[in-house]
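The structure appears below as structure tokens.
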Amino acid sequence: MSRIYIFTGKGGVGKTSVSAAHAVLSAGEGKRTLLVSTDMAHNLGDVFEVKLGKEPVCQRENLDLYEIDPNYVMEQDFWDIMECIGKMLPDSSGKSMEDFGMLPGMEELFSLLKIAEIRDTGAYERIIVDCAPTGETLSLLKFPELLSWYMEKLFPMGKVAMRVLSPVSKRLFELELPNRQAMTDIERMYLKLIQLQELLKDRNTTSIRLVAIPEKMVVEETKRNYMYMNLYNFNVDGLYINRVIPADIGNPFFDEWLKIQKKYITQLEESFREIPLCSIPWYEEEVRGTKAVERICKDALSGKEVFESSIQVRREQFEQVDDGYILTVFIPNARKEELDVYQTETEAVIRLGNYKRNIPLPNALKTYMITSAKLEDGKLRLRFRQECAK
Ligand SMILES: Nc1ncnc2c1ncn2[C@@H]1O[C@H](COP(=O)(O)OP(=O)(O)OP(=O)(O)O)[C@@H](O)[C@H]1O
Ligand SMILES: [Mg+2]
């Protein structure tokens, strides 16, 4: 089965360069690889110095390059979804396609739907995704959960879809397939988005890799990015520290810079203890052309198992204890002051800054209440106790 590697990070840190290097390395290992860019300001073509069109182009044996044009993809493949979203959004009746482009994360959403579709064809063993800068990716990650909230409220049928797709009832899902024709467009879109979310959260399929440089602002944002990704239970399993000044540069001009970088590299090492880190040197020239990309492979990637995802990042889990249950959620770098936790009839809700994660509660917890919340060592522990009968 093909694996998806998503490279994300703040603007200009090296996402395109690092993902290109992975693609070249992967092709060199004899794996059929697709390097795909979801950033509207594409530059895969620039890096490889080739002209790319609206479909994947072969760069070398085992490597295709593809700059997704979300508008084209939308019109070609997902017109029905667009119409559905149009129907669901307040105020959007009769609006034209262009209006949808305004919604945050919409373009990336279509790009990811396209990537999921490509994955289903089985044409590639590895799909490497060069993302748009962090902000947009994050709003996108939130999107499916937001959407399912709307769906639950507006269209109770969504609940059926949810059941159909739960992992335990995959068999049931097969059984339901013939009836899919009969589903409304909205249900089908809902299913597609839930499927996409399941795919992106599935640790056996998707790796999310963060790219950073050792500078204050970037380090801050990368830590927060990591925190939110974990809040939503995405599988972040690698950090790349790019533009690291070689220690033996032998030029006094860089003495102070070396110290500054060292400070931020140490911070990154402390904040990302659970996942492998990989440093990439700062080169004397831009990463342009296949030689430059191969140089990153040679200096930083080869000999390491960069396509493995062997780390065991603690996922969220429910465990039974003497007097109830504990739900543990891994949220590295979170601060108490920005956390808020509450419970609805069916969900535990964790609010972190501007983000909110709804975690469905198992039926067994229907009569339980959250009695305490403790944040320790990057882990939030919610304790559930049974409501006493009065
Ligand atoms: N290790 C490096 N040494 C020297 N130059 C680098 C290095 N990594 C990246 N660059 C250069 O820095 C610039 C930004 O890199 P790149 O395009 O890979 O970043 P990006 O994160 O994809 O940017 P964007 O957010 O704009 O898509 C490019 O000009 C690239 O050639
Ligand atoms: Mg880029």
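The values are calculated or read from the model by the stated rules, or taken from the named source; none is laboratory data. The structure displayed is predicted, hence computed values, not measured ones. Virtual Cβ from ideal backbone geometry, glycine too; neighbours counted across all protein chains shown.
Tabulated values for the structure
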quantity	calculated
Any hit, the stretch 18-37, residues being farther than 26 Å from Cys278 by Cα and within 16 Å of ligand 2 (Cβ to nearest atom)	no
Members of the stretch 315-367 found to be over 28 Å from the mean Cα position of the chain (by Cα) and buried (at least 18 other Cβ atoms within 10 Å of the Cβ), listed by number	Tyr325, Leu365
Ala292 vs. criteria of a type in the set (Gly, Ala, Ser), in a helix (DSSP H, G or I) and more than 23 Å from the chain's Cα centre (by Cα)	yes
Pair list, Cβ < 6 Å and 6+ apart or interchain, from the stretch 24-48 residues that are closer than 22 Å to Pro70 by Cβ and of a type outside the set (Val, Ile, Thr) to residues that are within 12 Å of ligand 2 (Cβ to nearest atom) and not in a helix (DSSP H, G or I)	Ser37/Glu67; Ser37/Asp130; Asp39/Ala132; His42/Glu67; Leu44/Ser37; Leu44/Glu67
Residues (within 13 Å of ligand 1 (Cβ to nearest atom) and closer than 24 Å to Phe330 by Cβ) located in the stretch 270-305	Cys278
Subset of the stretch 115-133 (residues that are of a type in the set (Gly, Ala, Ser) and more than 13 Å from ligand 2 (Cβ to nearest atom))	Ala116, Gly122, Ala123
Subset tally (residues that are assigned to a loop (DSSP other than H, G, I, E, B) and either assigned by TED's automatic domain parsing to the domain that holds Thr328 or in contact with a strand residue (DSSP E or B) (Cβ under 6 Å, 6 or more places away or on another chain) (or both)) for the stretch 236-262	1
Single unsatisfied condition, Phe330 versus (1) touching a Pro at 6+ places or on another chain (Cβ under 9 Å); (2) touching a residue at least 60 places away in the same chain (Cβ under 8 Å); (3) not assigned by TED's automatic domain parsing to the domain that holds Leu239	(1)
Looking only at the stretch 49-61, and only at residues there that are in contact (Cβ under 8 Å) with a residue 12 or more places away in the chain and acidic (Asp, Glu), the one that is nearest to ligand 1 (Cβ to nearest atom)	Glu49
Scope the stretch 10-39; condition near ligand 1 (Cβ under 10 Å from one of its atoms) and within 24 Å of Tyr72 (Cα to Cα); matching residues	Lys15, Thr16, Ser19, Ala20, Ser37, Asp39
Cross-chain or 6+ apart pairs with Cβ under 8 Å, the stretch 118-130 first and in the same structural domain as Asn62 (by TED's automatic domain parsing), then of a type in the set (Asp, Glu) and at pLDDT 95 or above	Tyr124/Asp64
Residue check for Glu337: part of a helix (DSSP H, G or I), at pLDDT 90 or above and closer than 21 Å to Lys15 by Cβ	no
